[in-house]
Structures are given as structure tokens and as C-alpha cells.
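Visitor: My questions all concern the structure below.
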Amino acid sequence: APTLRLVNHPSVPTAKLLLVLGKDGAQLETAAQALAVGRAAFSGDTVTVTALELPAPRKAYDAPNWMASDRPVRLAELAREPAQLQLRGYALNDAVNLSLQLPPDLFAWNGTTIPVDLRYRYTPNQVSQHGMVSVLFNEQFVRSWALERAPSKLSPASVLSQVSGLSGEAVVQRSFHMPAELLRNSNSLHVGVQIPTPDLGRCTSTSQQEMRAALDPDSTIDTSGLHHYIAMPDLQAFARGGFPFSKFADLQETTVLIPDQPSPEAISTYLTAIGQLSASTGYPGTRFTLLPYGQVDRAARQDLLLVSDGNANPVLERWRKALPALVEAGAQSLRPTERALDTIADLMRLDTNTWRPQHGGEATLRGSGPLAAVAGFESPLHSGRSVVALMANQPQALELVRDGLSAVDILQRMRGDLTLLRGSAAESFRVQDVYYVGHLPWWKALWYRLHAHPVLLAALGILTSLIFTFMVYGSLRMLARRRLEQTDG
């Protein structure tokens, strides 16, 4: 039967081995899935899985680690515990810090904002007017305001008001908007409260009163007004948020392609990648499809995660024109590119998802050193679907990919559609044209596409002005003609 067993390591006395067992592939898969979804309750050193029913398929963008993007979200949902929303001290100069994980494809452009309804309360005193509240989002200043002295009534719906046991507190509600351009996949919200002590530094014979401040758990942040729309390929979205595979937390629209005769390094790399995707969403990937290269056509309507260990790869050879680079045994085929998507383009704040230099030609390089690459491109099997290829020129070089997927500094440098990995170095490039995934209203999508072509935008503006001018001129001529006809009559 499908079995999970914990045994002593035969050669390392202080270590254990977790065995996932089954008499055939189906039983082995059942045991692994039971372990992944947490349905196997360990008791003793052996557990037999007698029955397993997987949870229902996940909906899009409902990853447990992600903040909901289809409704206002309460701060209580973002806090690890109620105490995280409270501050206390004889002189308050502290902050509530919250982390917000969001889908990488939220479209934030051209003045889009995020509504925030912030409610807070604090212990008032005779110097409260000298205090202030400040809001920072991703370490960027958003808003600040002075505290009021006049208390108001507490909200009976507030859970925190029942827990904290505070009385005589002032309750304030502030509604404001944060610029959506500050959004990233991983975000930080910092709400700071500063209230000086009543003595203002003078000596006093009476004991000081401890002051408290708290954010109401019913305060909300609302990203539901943002559309899901992103220029692809975008390796930064893959590195930080597992996108596009993480759109469904259980990876139900993901297919993994491995060699027909996979090396141990290729298997290890694919398992590492799936583990990283699951860590990003907070949910085990139990519904992806695993296929050998020879069955790639079965994955036409899926997003593809491809592992290549440098041996002959008929799939990548077939897709050579779509690839930003092809890395294989003894050679790597590269198209001339502009480097430094993480240097010059960032300094100039160029939109590297829509801008790239135009080049032609191709170069094939040979060498014996280990080289690995992460490449993204549109699936040749279906438009709008994506491929992320984890490639190396030899099986041992796939270790560079595995290390890169778990190294924060390398993940931060992955961007564009190609990242080359050599030892601890990572260089990113934008080689291919972009394609778009998601949905925008037609007028907003048109305006977004045009902003990357200023000459065309200027020409359209001039053409529109000329058309409007001729229409006004024609209307005036018609009015003048009618006036002359009435005068002659």
C-alpha cells in the first residue's frame, strides 16, 4: 500500500530518512500527494495511506500566500496575530509593519491608485497634537498627518476594542490612495505612530502614563480595481512570484517537460523548481502534468516548465527561432543583445517590458566551462501561453540553476527573457519581443501599447488634430453658407 516511513539513516547516526513507498507508480504518487497536502497524520514511524481525496482544484489567484486581489482585504487578514496591530510605550515612536504578497501580473500604470481605509486609535493626552501618523509603502513615503485630541466613539464591530481593554481612546478614520506604481510582488506597509510624553522632557514627581496605539483590524486595502495584465516573458515575475505557473496555486495549468531519458540532475532540477513554486504560493503543486519531450504536443494549452541538461533536445531544436538563447552540450547559441537590464535600463527607468534594442543575426559559441541559463518565451504551441526553460550545457551545470532558484541575490537579478548563470554571476537580457497575458479594457490596452512608441503617438496626435480642424472648418463653412443663403432670400 502507499506508505510513508521514517527510518534511521544507515550511515549518519544523527540523521533520519523519510521513505515514500508504493508497489507501483500509482501508489507512489498517492503516498507523495498525501505527504504534500498534509493529509497523512504521522503516528509512530510508519503511516499507510488507505484513501486519499485531493482538495478541489484551486481558483485563479487564490494562493494562500497572496493577498486577495478581488475584494477589499482587512488588516486582520494580513497580521500574524492581533498583537501585531498594537503599539505601547511611555513615549510612542514605533510602527506596525505588515507584509503583502500580491500576484505579479497586477497592472499598475499611469496614475492608478489603491484605496486604503485606515482606522486607528490611541491614548489621548495634553500633547497629542504634537504626535503624528505616517504611512510608508515599500519604504516610500505616502502620507502623514497630525493626531487629533478629541476622542470619538469606538466602533462596536472592532474586535480589537474588546481585546485590548483600552478606554478613553481617540478613534480616527482616514481614507486615502496609494500610488499603484509602488507595487511589487512582495510589499511592505509601514504605519508609524509618534506621540511624545506629556512632560516633554521636564522632570516630574508623578508616574508616567503608558500610552497605546492600535490599528483597527477592520481597516482595509483594496486592489480589486487593478487588472491582471502583464508583458511577457518576465523572468522577474517568475523568480519572485512563480508567474505564470503560480496563477493557479495547485499548478493545474502547468506541464513540466523533461528528457525522455532524464539524468538525475534534470530530475533534481525539476523537483527544485516545483518546490520553489509551491513555496511562492504556500500550496503544494499537486495538479501539474509531467511529460517527456516526446509527448510535448499533449501540453498545447498549458504553460510549460522545460528542463534541458545539455543532451540532444529535439523540442528546443524545433523551437530555436522562438528562443532568446539555446544552451546545449559544448555550444551556446546567442543572439546579440543589450546587457544590463539591471543597470542602465533601471537607472534610466526604461520600461524594459516594452522596450528593447533591435538587432539581427546570431552567434554560436563553444567552450568547455559550465554554463546555465533561464529563458522565457511564448509557447510555439499556443499563443498567450508561456515557456520557461531551465537549460545547461552539461548535466552538472544544472546545479547553477538549482542554486540560482534558491539564492535571493540571483533571483533579484533575473529579469527580461534571458538570464545567464556562470558560477555566482547572473546577467540578464531582453532579446525577444514581448507578448501580453491577461485582460485590459480595449482603450487602456491601446493607450498602454502606444506609450512605447512616442513617434507614432505624436503622429496620431497630429492626425487627430488635423481631422478635428477640418471638421470644425467644414462646420463653420456650412454655417456661413446657410447665413448667406438666408440673407440672399
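Visitor: Out of residues 5 or more away from residue 49 or on other chains, whose amide H comes under 5 Å of its own, with H placed 1.01 Å from N in the peptide plane?
Guide: The answer is 3, 4.
Visitor: What size of dipole, in debye to the nearest 20, comes out for the range 1-125 about its Cα centre when the only charges are +1 on Lys and Arg C-beta atoms and -1 on Asp and Glu C-beta atoms?
Guide: Working: 12 positive and 11 negative charges, 56 e Å.
Roughly 280 debye for the range 1-125.
Visitor: Could you tell me the convex hull volume per residue, in Å³, taken over the Cα atoms of the range 234-310?
Guide: On the way: hull volume 6.9 nm³, N = 77.
Dividing the Cα hull volume of the range 234-310 by its residue count gives 90 Å³.
Visitor: For the pair residue 145 and residue 300, how long in nm is the line joining their label points, each one 7 Å along Cα→Cβ?
Guide: The answer from the label model is 5.7 nm.
Visitor: Full-extension gain between residue 186 and residue 9, please, as 0.36 nm times their residue separation minus the C-alpha to C-alpha distance.
Guide: 59.9 nm
Visitor: Enumerate the aspartates and glutamates that residue 321 could reach by cross-link, defined here as Cα to Cα under 15 Å, with residues fewer than 8 away along the same chain left out.
Guide: Within the straight-line limit of under 15 Å, residue 321 reaches these aspartates and glutamates: 362, 378, 417, 433.
Visitor: Still on this model: Determine, from the Cβ-Cβ distance of residue 16 and residue 435 and an R0 of 41 Å, the FRET efficiency 1/(1 + (r/R0)^6), rounded to the nearest 0.05.
Guide: Working: r = 47 Å, r/R0 = 1.15.
Efficiency at R0 = 41 Å is approximately 0.30.
Visitor: Under a straight-distance cross-link criterion of Cα-Cα below 28 Å, which lysines are reachable from residue 444, leaving out those fewer than 8 residues away in the same chain?
Guide: The qualifying lysines are 59, 247.
Visitor: For residue 130, what accessible surface area do you get with a 1.4 Å probe? Give it in Å², rounded to 10.
Guide: 120
Visitor: What is the gain in length, in nm to one decimal, between residue 90 and residue 60 on full extension, counting 0.36 nm per residue of separation less the C-alpha to C-alpha distance? Mind showing how you got there, number by number?
Guide: On the way: separation 30, 0.36 × 30 = 10.80 nm, distance 4.66 nm.
Length gained between residue 90 and residue 60: 6.1 nm.
Visitor: Also: Evaluate the distance, in nm, between pseudo-label points positioned 7 Å from the Cα of residue 173 and of residue 459 along their respective Cα→Cβ axes.
Guide: With each label point 7 Å from Cα toward Cβ, the separation is 5.3 nm.
Visitor: Further question on the same structure: Could you please put 139, 81, 378, 427 in sequence from largest to smallest accessible area, using a 1.4 Å probe?
Guide: Details: 139 155, 81 110, 378 60, 427 40 Å².
Largest accessible area first, the residues go 139, 81, 378, 427.
Visitor: Separate question: Could you work out the Kirkwood radius for the range 1-87, taking every pair of different alpha carbons, averaging 1/r and inverting it, reported in Å?
Guide: 16.5
Visitor: While we're looking at this one, here's another question. Taking the simple approach of a point 7 Å from Cα along Cα-to-Cβ for both residue 467 and residue 321, what is their distance in nm?
Guide: Taking the two extended label points, one gets 3.5 nm.
The values are calculated or read from the model by the stated rules, or taken from the named source; none is laboratory data. This one's a predicted model, so the numbers in the text were calculated from it and none came from an experiment. Please note: Cβ atoms are built from the backbone with ideal geometry, for glycine as well, and neighbour counts cover all protein chains shown. These area figures cover heavy atoms from the full protein model, side chains too; ligands, DNA and RNA do not enter into them. Shrake-Rupley method; radii C 1.70, N 1.55, O 1.52, S 1.80 Å.
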